[in-house]
1. Rounded to whole Å and ordered largest first, report the semi-axes of the equivalent ellipsoid of region 188-327 derived from its Cα gyration tensor (root of 5λ).
2. Please work out the FRET efficiency for the pair GLU285 and ASP172, using the Cβ-Cβ distance as r and a Förster radius of 30 Å; give the result to the nearest 0.05.
3. Choose one of LEU176, VAL166, GLY196: the residue whose Cα lies farthest towards the positive end of the charge dipole of the chain (beta-carbon charges +1 Lys, Arg; -1 Asp, Glu; about the Cα centre).
4. Given charges of +1 on the Cβ of Lys and Arg and -1 on the Cβ of Asp and Glu, with all other atoms neutral, how large is the dipole of region 224-324 about its Cα centre, in debye to the nearest 20?
5. Can you bin region 45-117 into rounded, prolate or oblate? Criterion: square roots of the alpha carbon gyration tensor eigenvalues sorted a ≥ b ≥ c, rounded for a/c under 1.5, prolate for a/b above b/c, oblate for the rest.
6. Only Cα pairs under 8 Å and at least 6 apart count here; give the relative contact order of region 224-324 as a rounded whole percent.
7. What residues from region 33-67 fall in the zone where the backbone N is under 18 Å from a label point 7 Å along the Cα-to-C-beta line of GLN3?
8. If we sort 144-155, 198-209 on the protection proxy, mean other Cβ atoms within 10 Å, highest first, what's the order?
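Values in this text are rule-based calculations from the coordinates and carry no lab data. Being a predicted model, the structure only gives us computed values, none of them experimental. Every residue, glycine among them, receives a Cβ derived from its backbone with ideal geometry; neighbour counts consider all protein chains shown.
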Amino acid sequence: MNQFQYVQPAKSKAAIDTVTKDQTAMFIAGGTNLLDLMKRGIVTPEKLVDINKLPLKKIQKENGAVRIGALALNGETAEDKLVLEKHPLLSQALNAGASAQLRNMATVGGNMLQRTRCPYFYDTALPCNKREPGTGCGALEGYNRMHAIFGHSEKCIAVHPSDMSVALAALDATVLVSGPKGDRKIPFADFHRLPGDTPHIETNLQKGELILAVDLPENPYTKNIHYLKIRDRASYAFALISVAAALDLDGSNIRSARLAMGGVAHKPWRLTEAENFLAGKPATETTFRQAADLAMRGAKAFEHNKFKLKLGPNAIVQALKNAAGVA
Ligand code: SF4
């Protein structure tokens, strides 16, 4: 690991100023991904700005929304009364991620910023455009079982690993950030980027911008929800495919739906076309299958992840059935 300075400011402004002025400085909170990256020499910050002293831990109601502080721990957030009552889909997604130990260290802000688990990214002997732009993508012609089927580019086919972010995408979250130019709100759909020609740039955060909180607007998705995660083993594994499904039902008819997938793209993959199709339809397996077929249009697999083309629609149907309580 490289040598680095460590500072722990008590005010957001001081933290933001330090990271803005020092090109080599990075924020650290739970450190559950960043320390791994540093130990392997994948990132080499010369200054770590520990933000754990900042007052960003609260989960509270704010103008009808639920505001979750960036430093709220994943485990605490999953068990929070307000989150369980208003956004149980988020709670399910959080509990599907990592292990209990990691959930008790990892923060909500850090979860959004975690890096891909593409094995080529983590092996500094192998080519990776994300780690070292211009070196090529080892996964493109290599072992790509875990990789994307939507939104990839010839520069990178990695997927975003967060479960929490899939639920936040489905629930129309907004990210509150503060930076050298002041505060701003970023719709969750615009927070993460597709790889394009610059896979090393993963979010639309500017240098020095600090995540303060996430807002979840009031919605009717408090009952008929399901987060389905398909993975190689039951615990502490990243998703091959996941589906966040939320339905607002009027008897056996669907008033509206929210759907997003994980494990399929460089960012949480919202399925708006399928959502629009579901609105006004009966909550039946036939409807869900049609929605799943719509959702998978445009999917393109690689040599080792072709199974996702079949697993994807089946997972969507199962998540919707579970959400609707359809046998
Ligand atoms: Fe690197 Fe992306 Fe290719 Fe993986 S898929 S090797 S992260 S460029």
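1. Value: 27, 20, 14 Å, ordered largest first.
2. 0.65
3. Result: VAL166.
4. Rounded to the nearest 20 debye, it is 300 debye.
5. Oblate.
6. 29 percent
7. 39, 41, 44-49
8. On the way: 144-155: 21.3, 198-209: 17.2.
For the peptides 144-155, 198-209, the packing ranking is 144-155, 198-209.
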